[in-house]
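Report on the structure given below.
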Amino acid sequence: MTNSLRLAAVLALVAPMASAEAVAPAQVAYDDYGEVMTSLTGAPGDAERGAEVMTTRGLGNCIACHQVTDLDDHPFHGEVGPSLDGVAERWSEAQLRGIIANAKLTFPDSIMPAFYKVDEFVRPGNAFTGRAAEGALDPLLTAQQIEDVVAYLMTLDTYYD
Ligand code: HEC
């Protein structure tokens, strides 16, 4: 391939990603193993913000169920799920993205919440009428927050005794 051809090929791959909007929860492309190959935002996440999402109640609150040595300055780590130490050694970025967006495709019957999914949930009832809430529900995390968490998890390449 000539240099200019090679450049054109690279641009053809990159250009649609650069201009892409966030992938909607119903549009996420999972493969047969529950992996999601491409960023939900078309861009890499921010690891520091990912750590915030993971430790913030009302956002990911991942440490309610997972121990993470790197986040030890945040109290109350749960042990419902496995420790996430060394998780970047066990799973690829695509696998981690899939696990966070919808863990049930990787671990059937998991109690881990699907953080980027809005259909098939039982719709919360209206307190007065008992009827299901109307309109679209928001996913637990935004596409950006999912990517930030993925970026943070990719830094967890160390096991501790
Ligand atoms: C309600 C508890 C719960 C919460 C909250 C939770 N998880 Fe999990 N997670 C689990 C369990 C349990 C597993 C083990 C898989 C299974 O269900 O068989 C798991 C598995 C995982 C795995 C695979 C770990 C491995 O090495 O096998 C990753 C990565 C993960 N969770 C990340 C997260 C992140 C990131 C968050 C927050 C955005 C989160 N989890 C929130 C319960 C939870």
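Neighbour counts of C-beta atoms inside 10 Å place 115, 107, 76 in the sequence 76, 107, 115, starting with the fewest. Fully extending the segment from residue 160 to residue 107 would add 16.6 nm, taking 0.36 nm per residue of separation and subtracting the current Cα-Cα distance. Between residue 137 and residue 70, the C-beta separation translates, for a Förster distance of 35 Å, into a calculated FRET efficiency of about 0.65.
Counting 0.36 nm for each residue step from residue 48 to residue 118 and taking away their Cα separation leaves a gain of 22.6 nm.
Each Lys and Arg Cβ is given +1 and each Asp and Glu Cβ -1; about its Cα centre, segment 15-78 then shows a dipole of about 200 debye.
Here segment 66-110 is assigned +1 on the Cβ of each Lys and Arg and -1 on the Cβ of each Asp and Glu. Its dipole about the Cα centre then comes out at about 320 debye.
Using the average count of surrounding beta-carbon atoms within 10 Å as a protection proxy, the listed peptides 41-49, 61-69 rank, highest first, as 61-69, 41-49. The modelled label-to-label distance between residue 83 and residue 30, using points 7 Å beyond Cα along the C-beta direction, is 2.9 nm.
Under the convention that each Lys and Arg Cβ holds +1 and each Asp and Glu Cβ holds -1, the size of the dipole of segment 23-153 around its Cα centre is about 540 debye.
Bear in mind that the values in this text are calculations on the coordinates, not laboratory data. Everything numeric here is computed off the predicted structure, so don't read it as measured data. Neighbour counts run over all protein chains shown; Cβ positions are idealised from the backbone, glycine included.
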